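Undergrad: Here you go, one structure.
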Amino acid sequence: MTGAQTFRACGAGLTVGAVASVVHLVGRSVLSSGSDPTVFMRHGLWVAANAMGLVGAVLILLALPVVSLKMADSIGAPGLVGAALFAVSWMFFGLFLSLYGILVGPWLAEKAPALVSASAPLPLGVLVAFSASLLFELAGTSLLAIGLLRDRQIRWIALTLPASALLTIVGDLLVPNGPSPSVVTNLLSNAGPILLSTALGALGLRMSWRGDASAQEPERAAPRRRR
């Protein structure tokens, strides 16, 4: 597989991962409304929604580093650092929280419901990891945006990335005690991650369709004929 083909394949993977993440976020917003965590965490659809989030997170974490490295000449050092910081944050928001929703949450809801009830306090370790991941995401998307701003055709994507991180913080403040009984409120609280996934999906779609100059293999100059 050539460099350009690898780049396009990773762009497609980034898009599929972003779509899976959006489906996960919307499904989680709907399923977590109107009932206590001890109820919805034991629902089969809850596990399926988080499994979709896990697939999306894995695809994004696999594709984004390759896409970033292929675009290194255009996004520069800030973009590469930003992609790395974002990947660290997505390991928590994408991988850890999805695995928690698949494996730990349903088990606790059945065996120790007091630990996952709406009134249960958030463990200090999780709170620290959550806060640190938010900072990593904000810094990462901002630095990645600086690199992407060099390309006028994807400038809107660059501006969307840090805006989505700020919107994520606003969403967390909107529901500080966990999911709301209202579907609309839950969707609003997840607007930041949904916007972020949409921007990543658009970036991957553009790369998978059009490719990138940095991913193209250099053309060999035709030998000159001797006279």
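Undergrad: In this structure, is Leu103 within 29 Å of Gly17 (Cα to Cα) and assigned to a loop (DSSP other than H, G, I, E, B)?
TA: So Leu103 fails the test.
Undergrad: Right, another one. For Leu54, which of the numbered conditions (1) under 19 Å from Leu196 (Cα atoms); (2) at pLDDT below 90; (3) in contact with a Ser or Thr (Cβ under 6 Å, 6 or more places away or on another chain) fails to hold?
TA: (2)
Undergrad: Quick one: which residue in Ser68, Ser74, Ser131, Ser117 is of a type outside the set (Lys, Arg) and under 15 Å from the mean Cα position of the chain (by Cα)?
TA: On inspection, the qualifying residue turns out to be Ser68.
Undergrad: Quick one: Ser117 ticks every box in (1) touching a Pro at 6+ places or on another chain (Cβ under 7 Å); (2) within 14 Å of Gly82 (Cβ to Cβ); (3) part of a loop (DSSP other than H, G, I, E, B) bar one, so which box is it?
TA: Of (1) touching a Pro at 6+ places or on another chain (Cβ under 7 Å); (2) within 14 Å of Gly82 (Cβ to Cβ); (3) part of a loop (DSSP other than H, G, I, E, B), only one is false for Ser117: (2).
The values are calculated or read from the model by the stated rules, or taken from the named source; none is laboratory data. Keep in mind that what you see is a predicted model, and the values were worked out from it rather than measured. Using ideal geometry, Cβ is built from the backbone for each residue, glycine included, and neighbour counts are taken over all protein chains shown.
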